[in-house]
Amino acid sequence: MASRAYLLINVHSGKETEIQSILQGFEEVVACDQVTGDSDLIAVVEAADYQQVLGPFLAKIRSIDGITHTTTCLVL
């Protein structure tokens, strides 16, 4: 069974659409939407296990220019 997480993502102003498009290109990203509230984007991520979500995938996300903060919410 795949592990699922919700990523709450903050980006520099004006970069929302560009970063959303980048994230939608990752195979682990099931959905990515621009939202109102404290976060700019919410991405639904699925991987084989939580280690893949918390390790290599998050490293890829955090290296994207324009992302200022992420919060990872693992689905139990």
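Throughout, read-outs are computed from the coordinates displayed, never taken from laboratory work. These numbers come from a predicted model, not from an experiment. Here the Cβ is made from the backbone with ideal geometry for all residues, glycine too, and neighbour counts use every protein chain on show.
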Report task. Kindly provide the set of residues from segment 31-51 that are among the hydrophobic types (A, V, I, L, M, F, W, C) and either in contact (Cβ under 8 Å) with a residue 24 or more places away in the chain or assigned to a loop (DSSP other than H, G, I, E, B) (or both), ordered by number. Result -> Val35, Leu41, Ile42, Ala43, Val44, Val45, Ala47, Ala48
Report summary line: Matching residues in segment 52-76 (without any contact (Cβ under 8 Å) to a residue 40 or more places away in the chain and either part of a strand (DSSP E or B) or among the hydroxyl-bearing types (Ser, Thr, Tyr) (or both)) number 1
Query raised in the report: Quick check: anything in segment 31-43 within 11 Å of the chain's Cα centre (by Cα) and loosely packed, with under 13 Cβ neighbours inside 10 Å?
Result: yes
Query - Subset tally (residues that are under 16 Å from Thr70 (Cα atoms) and either touching a Pro at 6+ places or on another chain (Cβ under 8 Å) or not in a strand (DSSP E or B) (or both)) for segment 1-23 - result: 8
Query raised in the report: Tell me, which residue of segment 44-76 that is in contact with an Asp or Glu (Cβ under 8 Å, 6 or more places away or on another chain) and closer than 20 Å to Glu18 by Cβ is surrounded by the fewest Cβ atoms within 10 Å (Cβ to Cβ)?
Result: Gly66
